[in-house]
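Coordinate-derived values only; no laboratory data. In this text the structure is predicted, and so the values were computed from the model without any measurement. Here Cβ is always computed from backbone atoms with ideal geometry, including for glycine, and neighbour counts include all displayed protein chains.
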Amino acid sequence: MLEIISFTLGPAQTNAYLVADPETKEAVVVDPSWDGHIIYKAAQERGWRIGHLWYTHAHFDHIGGAAAIADAMNPLPHVALHPEDHVLWRAGGGAAVFGFDIDPGPEPTIDFVHGMKMKLGSNEFEVRFTPGHTRGHCVLYNEKEKICFCGDLIFNESVGRVDLPGGDWDALEKSIREQIYTMPDDTILLSGHGPQTTVGHEKKNNPFVSE
């Protein structure tokens, strides 16, 4: 069983997700987008312990709240990111291009690898490598709960932009077809921006990548 609290934060209205196993009180933050103190407070109010920060990718609007979360914690949370996005992380997620200056927070200590399993209490998430929006983009799929944290790969009837450094349309389309559209149609997609959707809805209605 999982409990998920979503936040829409920051200048790009980015979705951050606080995810917990209510039995063990263990929690992770998927893409701590901005205003980390808000996310941390929500965990504290529920008695949840944030052990990990999981990044679908390293753009600034997905990591901008990490430093504030880490500053409130001892020991620091473990940070997981695909190695192909480490350069982007070290560059502050490209924040300067958009006129922002962020503290990227603690250095990634866990390298995402396609197919690896990430544990949260009794729950298991499969890491799927999905380049296209960035070189190191990944999604996190929980088959049992039928949910996927898909970052900026795919949105409700839209897809992630490919015009930033590391973007690649062919790779993005391939990632969606092979890693998203192969999930059951009733799988809920929790994206980095906008409302949630489902695999089945996107296969039928996404104008960018059709089934």
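For the range 91-103, backbone phi angles converted through the Karplus equation (6.51, -1.76, 1.60; θ = phi - 60°) give residue-by-residue couplings of 8, x, x, x, 4, 4, 4, 9, x, 10, 10, 10, 8 Hz, Gly and Pro being listed as x.
Largest GNM mean-square fluctuation across Asn74, Asn142, Asn15, computed for the chain with C-alpha springs under 10 Å, falls on Asn74.
Beta-bridge orientation, the range 3-205: approximately 65 percent antiparallel, per DSSP, counting only bridges with both partners inside.
Of the trypsin sites (Lys or Arg not before Pro) in the range 1-52, the ones in a loop by DSSP (not H, G, I, E or B) with at most 16 other beta carbons within 10 Å are Lys25. Counting only residues at least eight positions apart within a chain, or on another chain, the lysines with an alpha carbon under 17 Å from that of Lys119 are Lys25, Lys144, Lys146.
Check the straight Cα-Cα distances from Lys117 and name the aspartates and glutamates below 17 Å, setting aside those fewer than 8 residues away within the same chain. Within the straight-line limit of under 17 Å, Lys117 reaches these aspartates and glutamates: Asp21, Glu26, Glu126, Glu143, Glu145. Principal semi-axes of the equivalent ellipsoid, √(5λ) from the alpha carbon gyration tensor of the range 3-205, are 23, 21, 15 Å from largest down. Counting other Cβ atoms within 10 Å as a rough exposure proxy, the listed residues Phe7, Phe98, Phe112 run Phe98, Phe7, Phe112 from fewest neighbours to most. Once the Cβ-Cβ distance between Arg49 and Lys146 is put in as r, and R0 is 30 Å, what FRET efficiency do you end up with, to the nearest 0.05? Computed FRET efficiency for Arg49 and Lys146: 0.75.
What GluC sites (Glu not before Pro) in the range 130-176 are in a loop by DSSP, with at most 16 other Cβ atoms within 10 Å of the Cβ?
Glu143, Glu145, Glu157
Once backbone amide H atoms are built at 1.01 Å from N, Thr198 has Leu189 as its partners under 5 Å, excluding neighbours fewer than 5 places away on the same chain. Volume per residue of the convex hull around the Cα atoms, evaluated for the range 85-211, comes out as 116 Å³.
Charge tally for Gly167 (other residues, Cβ to Cβ under 14 Å; Lys, Arg +1; Asp, Glu -1): -4. Length gained on full extension, Lys41 to Arg161, computed as 0.36 nm times the residue gap minus the Cα-Cα distance: 40.0 nm.
With contributions of -39500 (n - 2.57) from each DSSP H run of at least four residues, the per-residue ellipticity at 222 nm computed over the chain stands at -4500 deg cm²/dmol. Gyration tensor over the Cα atoms of the range 84-152: the corresponding equivalent ellipsoid has semi-axes (square roots of 5 times the eigenvalues, largest first) of 26, 13, 11 Å.
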